[in-house]
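Report on the following structure.
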Amino acid sequence: MKRITMKDIPEAERPYEKCLQSGPEELSDAELLSIIIRTGSKEDSSLELAQKILALNYPREGILGLLHLSMPELMSVKGIGRVKGAQLLCIGELSKRIWKRAALAQSVSFKNPIDIVNYYVEDMRHMEQEQIRVMLLNTKGVLMKDVMISQGTVNASVVSPREIFIEALKYHAVTLVLIHNHPSGDPTPSREDIALTHRIKEAGELIGIRLLDHIIIGDNTYISLKERGII
């Protein structure tokens, strides 16, 4: 059976020409990816490669699954080598950074839980493991430093307040916020989450650095332990 190439597709329907004619917003996810990939393989056109990459995302919905794919998974598609794989990984990272910078531009001062969630949600809701971070803020609620303090299952016994407050004192932080994700998508705090919150809060009170909140991010949802009255 003769393989269908891009040249066999009517010019107006080819992704690159379609983009120039109608704009990128008119392209499907597969067409957008095919322009990034640029060239196909001996067996598949760039559009067919893009469709196979999107199929790797199942059961995740749509192009969001691209944020979860690793280099080995991308290279499992015949025709995707290290160069194309790196390009696709960078597209995912670029999209997260654009979202994060846009959220920061709109909300420089982190005084409300939703401001914090908007800043972190695109990074953290796609993670496969739990990660806990600490935000170090000045008197105006502006972020001075973001520090990852744990990755994996969050356990109060392995998170060291000492490390957190060494960083806080180094940057002259006045307040701090704990934030972490639940890969299950359910942000309901566990007993360990609550124990960690109390441990950090009590340690901060001793040295005059107040814990403002502990926010848990799920899938398009979050819980603020301050709003729940736990802090």
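The numbers here are math on the coordinates, done by the rules we state, and not lab data. Not measured: the values here are computed from a predicted model. Neighbour counts are summed over all protein chains in view; Cβ atoms, including those assigned to glycine, are modelled from backbone coordinates with ideal geometry.
A few remarks follow.
- Where helices (runs of 4 or more DSSP H) sit wholly within the range 5-55, those with at least 2 residues that are of a type outside the set (S, T, N, Q) and under 25 Å from Ser76 (Cβ atoms) occupy 29-37, 46-55.
- Lone unmet requirement of (1) over 23 Å from the mean Cα position of the chain (by Cα); (2) surrounded by 20 or more Cβ atoms within 10 Å (Cβ to Cβ) for Gly40: (2)
- Matching residues in the range 189-218 - criterion: being over 14 Å from Val159 (Cβ atoms), in contact (Cβ under 8 Å) with a residue 24 or more places away in the chain and not small (Gly, Ala, Ser): Pro189, Ile207, Ile209, Arg210, Leu212, Asp213, Ile215, Ile216, Ile217
- Residues being within 10 Å of His180 (Cβ to Cβ) and hydrophobic (A, V, I, L, M, F, W, C) - total across the range 121-143: 4
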